[in-house]
Structures are given as C-alpha cells and as structure tokens.
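K.L.:
Got a structure here, written out as structure tokens. Questions coming.
The values are calculated or read from the model by the stated rules, or taken from the named source; none is laboratory data. As the structure is a prediction and not an experimental result, all values here were calculated from the model. Ideal geometry is used to build each Cβ from the backbone, glycine not excepted, and the neighbour counts take in all protein chains shown.
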Amino acid sequence: MAVLDHKRREASAPEVIPAPAAPDLRAVRREVDAALAAFLDAKEKSAPGPELRALTDRVRTFLAGGKRLRPLLCVTGWHAAGGGSDHATAVRAAAGLELFQAFALIHDDVMDASDTRRGRPSTHRAMAAAYLADRGGPAARAAQHGQGAAVLVGDLALIWSDELLNGASLAARRPERVLPLLDEMRSEVLYGQYLDLQTTGRLSADVDTPLRVIRYKTAKYTVERPLHVGAALAGATPQAEAALSAFALPLGEAFQLRDDLLGVFGDPERTGKSVLDDLRAGKATVLMALAVQRASHRELRSLQARFGRPNLTERDAAVVRSVLEATGARQAVEELIRTRLAQALTALDHAPFPAGARAALRDIARSATTRHA
C-alpha cells in the first residue's frame with residue numbers, strides 16, 4: 001500500500017519546467033548577420049542593373065563591423081517578454097533595426113562631414129573617391145556626387161529596413177503593437193539629431209540640452225525602442241514594457257556618455273573614428289559643458305580658441321584634452337556613467353523577466369558602458 005501511495009504522489013507531482021536559458025548573444029549576432037546577408041543577396045540578384053547592384057554592395061560594406069547593439073537588445077527584449085526560444089521573428093526585426101541604423105549613420109556622416117566610419121572611409125567619402133577614379137574631373141564635383149550618392153544609399157537602407165520590420169510584425173501578427181513603436185522611434189531619433197545640429201558649434205555650460213539630445217538620439221532610439229520592439233513581438237505586458245524602460249533609459253545615457261569620451265580620448269585604431277571629428281565639428285556634449293562650468297578664465301579661452309575649428313590639429317586636441325582632465329570634466333562623466341549603469345542594473349533586480357534574459361541584459365549593459373570602441 002505504501003508503494004502504491006508513493007506511485008500516486010509521483011504521478012500527481014507537477015512537472016518541473018526548467019527556466020529559459022539566457023540567450024546566446026554571440027549566436028544571436030551570427031543569426032542577425034545571416035539574416036542581413038540573405039536579404040541583401042536577394043536584393044542583389046533582383047537588381048535590374050549593375051548600378052543598383054553597386055548600391056546594394058555599398059549597404060553591405062557599411063554593415064560590416066557594426067556592434068549590433070540594437071539587434072541584440074531587440075532579441076533580448078523578445079526573451080524578456082517570454083517569447084520563447086524560437087526567436088526567428090525577432091531576428092528579422094533586429095536585422096531591420098540594423099538597416100535603420102545604417103541609414104541614420106550614413107546620413108549622420110554626411111551632416112558631420114566625417115571622413116571615417118568603422119575604420120574605413122565614410123560612405124560619402126568612398127563614393128566620391130570612386131567617382132573621381134572612374135571619371136576624373138574636379139574634386140569638388142566628386143565630393144558633391146559622393147554626398148548625394150550617400151544620401152541615396154542611406155535612403156535605400158531606410159526603405160529596406162521598413163521591409164524587414166513590417167514583415168516581422170506581420171509574421172508575429174502584431175502590427176498594431178509594433179508599427180506605432182517604430183514610428184515613435186524614427187521621430188525620436190530625428191528629433192534628437194535636429195537638436196544635435198542646433199547645438200553644434202556652441203560652447204556652452206548648459207548640461208541639460210546635451211542630456212536631452214542623449215535622451216532622444218541614443219537612450220530611447222538605441223536601447224529603449226529596440227527592447228520594446230522585441231518585447232511587443234512577443235506580446236509583452238505593460239508592466240514588462242515599463243520595466244524595460246526603467247532599465248533602458250539610464251543605460252542609453254551611460255552608453256552615449258561613454259561614446260562622447262571615446263570621441264575625444266579614444267583610440268582610433270579601436271573606435272574606427274578620428275578623435276578630432278567631434279572637436280572640429282564643435283559637438284555640444286555633456287563633457288564639454290562640464291568643462292566650461294569648471295574652467296578657469298585661461299582654460300575657457302583655450303577651449304574657445306580651439307572648439308569647433310575645422311582645421312584643429314592633434315596638438316590643439318591635446319590642449320583640449322588637458323583642459324578636460326584638469327577641470328575634472330572627464331572624471332565627472334565617468335561618474336555619471338557609473339551612476340547610470342548602477343541605476344539600470346538595479347532596475348533589473350525587480351524586473352518581471354526570466355533569469356536568462358536578465359543575465360543577458362546585464363552582460364549587454366556592462367559591455368556597452370565599459371567598451372573601448
């Protein structure tokens with residue numbers, strides 16, 4: 001009888017379901033890269049002529065070497081909302097977000113007159129050089145061609161981004177949830193970009209305005225919305241979306257503050273960008289605002305003489321860096337990064353996510369804020 005009771009207890013015991021494993025971020029990146037490659041292969045085969053195949057190749061070249069932060073967050077958002085291990089729909093959406101990022105960066109480089117991106121000539125510079133090599137003629141004409149062609153390459157990446165993102169939302173049968181998020185994301189990043197343009201070239205002690213730029217151009221666009229898109233595809237609850245925002249916004253600010261430091265103090269061999277571009281353009285960052293707040297009259301004159309100068313030299317940049325160090329602005333930004341990272345990680349402690357998703361988000365947060373490139 002005791003044996004029968006034991007068997008009954010065994011039969012009635014609830015099945016133990018293992019907790020979902022943390023998404024393998026390296027595998028996710030490979031899946032996103034494969035999705036992008038397959039999509040571009042199809043576009044290249046269907047191109048009606050060699051000129052349009054060349055545009056596809058430009059998009060492919062630009063995509064090589066990106067960090068894929070937004071795709072990783074999108075797929076992790078899917079897992080955070082309980083989407084399960086079959087995340088193919090989220091991968092397709094993630095690939096679409098990477099194409100949108102390509103559009104944004106190609107246009108950004110044109111607006112900022114940047115020479116390099118990811119260790120290679122920026123798209124408008126590369127297309128100007130190709131024009132000059134093919135046709136010759138005045139360098140000014142080649143530069144004008146390069147700018148116009150790069151804008152079109154960016155537009156193409158935007159159109160293709162729509163194709164992937166719409167397809168993903170329809171595959172998940174959640175267009176009413178996903179498409180409004182994408183509309184908000186696009187508006188937010190363009191608003192942030194416009195604010196950035198409006199403040200470029202102004203040496204100011206105003207910290208609030210560059211923080212607003214960061215909120216729209218990076219915190220919401222780079223971190224919050226990719227998480228929301230992935231979560232919405234998985235049918236996230238409002239509570240899950242709010243928890244994602246509590247994590248995403250401070251992390252996005254920390255990410256951009258790190259980017260601002262790398263723009264002045266980074267190693268171009270690792271970042272793929274010149275450490276002179278931001279200073280020559282006169283980027284109004286939190287870093288520069290803090291330096292202006294703390295600078296002596298002599299230090300302020302030194303910054304005013306160099307900030308935003310198109311012909312700024314490495315020697316000039318070294319002087320600016322010394323002021324940023326001496327005023328404590330660099331260390332203050334490091335402290336802001338630490339504070340915001342801690343805020344983001346604390347938000348995860350009480351988030352209603354599977355343990356694996358929380359672990360993946362912690363890994364992403366640390367790598368995004370301690371990076372050297």
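K.L.:
So which residues in the range 162-178 are in a loop (DSSP other than H, G, I, E, B) and either under 20 Å from the mean Cα position of the chain (by Cα) or surrounded by 16 or more Cβ atoms within 10 Å (Cβ to Cβ) (or both)?
P.N.:
Hits for the range 162-178 are Ala172, Arg174.
K.L.:
Restricted to the range 262-279, and to residues that are among the acidic types (Asp, Glu) and more than 24 Å from Glu335 (Cβ to Cβ), which residue is modelled with the lowest pLDDT?
P.N.:
Step by step, filter the range 262-279, then rank; the result is Glu269.
K.L.:
Yes or no: Phe353 under 22 Å from Leu262 (Cβ atoms), touching a residue at least 40 places away in the same chain (Cβ under 8 Å) and surrounded by 16 or more Cβ atoms within 10 Å (Cβ to Cβ)?
P.N.:
no
K.L.:
While we're looking at this one, here's another question. State whether one or more residues within the range 179-202 are surrounded by 19 or more Cβ atoms within 10 Å (Cβ to Cβ), out of contact with any Pro (no Cβ under 9 Å at 6 or more places or on another chain), in contact (Cβ under 8 Å) with a residue 24 or more places away in the chain and assigned to a loop (DSSP other than H, G, I, E, B).
P.N.:
No: the range 179-202 contains no residue that is surrounded by 19 or more Cβ atoms within 10 Å (Cβ to Cβ), out of contact with any Pro (no Cβ under 9 Å at 6 or more places or on another chain), in contact (Cβ under 8 Å) with a residue 24 or more places away in the chain and assigned to a loop (DSSP other than H, G, I, E, B).
K.L.:
Now a separate question. Go through the range 220-265 and report how many residues are outside any helix (DSSP H, G or I) and among the polar types (S, T, N, Q).
P.N.:
Residues flagged as outside any helix (DSSP H, G or I) and among the polar types (S, T, N, Q) within the range 220-265 amount to 1.
K.L.:
Got at least one residue in the range 93-106 being more than 26 Å from Gly192 (Cα to Cα) and surrounded by 24 or more Cβ atoms within 10 Å (Cβ to Cβ)?
P.N.:
no
K.L.:
Looking at this structure, is Ala240 more than 20 Å from Ala329 (Cα to Cα) and not charged (D, E, K, R)?
P.N.:
yes
K.L.:
I've got another one for you. Testing Arg315 on (1) modelled with pLDDT of 95 or more; (2) basic (Lys, Arg); (3) under 26 Å from the mean Cα position of the chain (by Cα); (4) surrounded by fewer than 17 Cβ atoms within 10 Å (Cβ to Cβ), one condition comes back false. Which one is that?
P.N.:
(3)
K.L.:
Being of a type in the set (Gly, Ala, Ser), more than 12 Å from Pro226 (Cβ to Cβ) and in a helix (DSSP H, G or I) is the filter here; which residues of the range 76-94 pass it?
P.N.:
Ala88
K.L.:
Evaluate the range 125-148: report whether one residue or more is modelled with pLDDT of 95 or more, closer than 30 Å to Val75 by Cβ and either in a helix (DSSP H, G or I) or not basic (Lys, Arg) (or both).
P.N.:
no
K.L.:
Check off (1) farther than 29 Å from His228 by Cβ; (2) charged (D, E, K, R); (3) in contact (Cβ under 8 Å) with a residue 24 or more places away in the chain for Asp363 and give me the number that stays unchecked.
P.N.:
(1) is the only condition that Asp363 fails.
K.L.:
Quick check on Arg117: is it crowded, with 20+ Cβ neighbours inside 10 Å and either touching a Pro at 6+ places or on another chain (Cβ under 6 Å) or modelled with pLDDT of 95 or more (or both)?
P.N.:
Judged against the criteria, Arg117 is not a match.
Residues are listed down the side, and each one gets a yes or a no for (1) among the aliphatic types (A, V, I, L, M); (2) at pLDDT 95 or above; (3) in contact with a Phe, Trp or Tyr (Cβ under 8 Å, 6 or more places away or on another chain):
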| residue | (1), (2), (3) |
| --- | --- |
| Pro210 | no, yes, no |
| Thr222 | no, yes, yes |
| His228 | no, yes, no |
| Ala234 | yes, yes, yes |
| Ala246 | yes, yes, no |
| Asp260 | no, yes, no |
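K.L.:
In the set Ser114, Ser169, which member is among the polar types (S, T, N, Q) and over 27 Å from Ala373 (Cβ atoms)?
P.N.:
Exactly one residue qualifies, and that residue is Ser169.
K.L.:
Something else: Say we look at the range 32-91 and pick out the residues that are among the hydroxyl-bearing types (Ser, Thr, Tyr) and within 17 Å of Ala102 (Cβ to Cβ); which of these is surrounded by the fewest Cβ atoms within 10 Å (Cβ to Cβ)?
P.N.:
Selected residue: Thr61.
K.L.:
Another one. For the range 312-328, state whether one or more residues are free of Cβ contacts under 8 Å to residues at least 40 places away in the same chain and on the phi > 0 side of the Ramachandran plot.
P.N.:
Checked the range 312-328: at least one residue is free of Cβ contacts under 8 Å to residues at least 40 places away in the same chain and on the phi > 0 side of the Ramachandran plot.
K.L.:
Further question: Quick one: which helices (runs of 4 or more DSSP H) lie wholly within the range 266-373 and hold at least 1 residues that are of a type outside the set (S, T, N, Q) and farther than 27 Å from Asp24 by Cβ?
P.N.:
In the range 266-373, 268-271, 277-281, 286-294, 297-306, 314-326, 329-349 are the helices (runs of 4 or more DSSP H) which contain 1 or more residues that are of a type outside the set (S, T, N, Q) and farther than 27 Å from Asp24 by Cβ.
K.L.:
If you go through the range 42-70 one residue at a time, how many are free of Cβ contacts under 8 Å to residues at least 24 places away in the same chain, part of a loop (DSSP other than H, G, I, E, B) and in contact with a helix residue (DSSP H, G or I) (Cβ under 6 Å, 6 or more places away or on another chain)?
P.N.:
Residues in the range 42-70 being free of Cβ contacts under 8 Å to residues at least 24 places away in the same chain, part of a loop (DSSP other than H, G, I, E, B) and in contact with a helix residue (DSSP H, G or I) (Cβ under 6 Å, 6 or more places away or on another chain): 1 in total.
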